[in-house]
1. Starting from the range 98-124, take each residue that is closer than 19 Å to residue 68 by Cα and touching a residue at least 24 places away in the same chain (Cβ under 8 Å) and list its partners that are among the charged types (D, E, K, R) and exposed (fewer than 15 other Cβ atoms within 10 Å of the Cβ), counting only C-beta distances under 9 angstrom and pairs at least six apart or across chains.
2. Suppose we keep only residues that are assigned to a helix (DSSP H, G or I) and of a type outside the set (A, V, I, L, M, F, W, C) within the range 262-286. Which one would you say is surrounded by the fewest Cβ atoms within 10 Å (Cβ to Cβ)?
3. Would you say residue 281 is within 17 Å of the chain's Cα centre (by Cα) and touching a residue at least 60 places away in the same chain (Cβ under 8 Å)?
4. What's the total number of residues in the range 172-200 that are at pLDDT below 95, more than 13 Å from the chain's Cα centre (by Cα) and either within 18 Å of residue 231 (Cβ to Cβ) or among the hydroxyl-bearing types (Ser, Thr, Tyr) (or both)?
5. Hey, can you tell me all the residues within the range 59-96 that are of a type in the set (Lys, Arg), surrounded by fewer than 23 Cβ atoms within 10 Å (Cβ to Cβ) and closer than 26 Å to residue 154 by Cα?
6. Checking the condition over 21 Å from the mean Cα position of the chain (by Cα) and either assigned to a helix (DSSP H, G or I) or not aliphatic (A, V, I, L, M) (or both), which residue from 215, 155, 240 passes?
7. With of a type in the set (Val, Ile, Thr) and under 26 Å from residue 39 (Cβ atoms) as the only criterion, which of 204, 196, 232 stands out?
8. Just checking: which of the helices (runs of 4 or more DSSP H) contained wholly in the range 67-146 hold 2 or more residues that are under 21 Å from residue 203 (Cβ atoms) and out of contact with any Asp or Glu (no Cβ under 8 Å at 6 or more places or on another chain)?
Amino acid sequence: MTAPAAAVPQPGRTRAFLRLVMIEHSVFALPFAYIAALTAMFQKNGAVDWWKLFLVTVAMVGLRTFAMACNRIIDREIDARNPRTANRELVTGAVSVRSAWTGALVAVVFFLGAAGLLNPLCLALAPIAVIPMVVYPYGKRFTDFPHAILGLAQAMGPVGAWLAVTGSWSWEAVILGLAVGVWIGGFDLIFACQDVAADRAHGVKSTPARFGIPAALHGARVCHVITTALLVWYGVAVHAGIFWWTGLVVVAAAFGYEHTIVRPHDLSRLNRAFFTVNGFVGISLFLFALLDLLVRGLGR
């Protein structure tokens, strides 16, 4: 018999909602949106447009918050059956479904508002960015590869950021977006390994549940090799300088470290690989990319 939801400490509504959507995980995709936006500004006129950078931030955080809220709402019954996720706010009652939907709608309004303020093309394409965010949580009900849907959703960030600055299509942004999507799909493969037993017991689909943990970890390694290759391609495409290439060496080393600390029969350091290493990858590459752009004349 489970304890009643009222027995769970109830934080403030806003604080509980931010915990629900794990707002701090914006660190994974937001740096790459900044790389795209600042590179576009450098190529456009060499000046930083702070207003557009602010709107890109609002759009990215708004869309990600909407996506996470939808994910938690749609998956709340699955989460209740998994010991790892049974303490999530929608399961314990710390956040009501109504409050979660309210937060999700507020977040998507911020996203659409920021897109509209950026340019007409961003607003016109904004609904397309929303679709995979909603489809992803349903993916684990009909495909063994929901991680690919997540990757597609995340790949849109850099493309959207570039469009926000220039109002036009860019293949350079597509390359960077693909790198981000493959990267995030890869570390989602690693993250899903910890839920194999629960997923198999309850019919939840994932690559580790279908093919096993060793195959999933091998797939993650392949994803991160492809990510590195795409980042090399992006650097060549935008004529990046020495600091970009230095950052890429650091990121490649981080990928290597990540895959040495997670093994098929030892997932004890999985959270370090997922949270610490991947957070480091995003932030460090952004800092090196920013330094590279500054040295080459951004903002002068």
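The values are calculated or read from the model by the stated rules, or taken from the named source; none is laboratory data. The shown structure was predicted, so the numbers you read here are calculated from the model rather than taken from an experiment. We place every Cβ from the backbone using ideal geometry, glycine too, and count neighbours over all the protein chains shown.
1. Every condition considered, the pairs that remain are 99/13; 103/13.
2. 271
3. Spelling it out, residue 281 is indeed within 17 Å of the chain's Cα centre (by Cα) and touching a residue at least 60 places away in the same chain (Cβ under 8 Å).
4. 0
5. Result: 76, 84, 88.
6. Working: 155 fails: over 21 Å from the mean Cα position of the chain (by Cα); 240 fails: either assigned to a helix (DSSP H, G or I) or not aliphatic (A, V, I, L, M) (or both).
Testing whether each residue is over 21 Å from the mean Cα position of the chain (by Cα) and either assigned to a helix (DSSP H, G or I) or not aliphatic (A, V, I, L, M) (or both) leaves just 215.
7. From the options 204, 196, 232, the qualifying one is 232.
8. 76-81, 120-139
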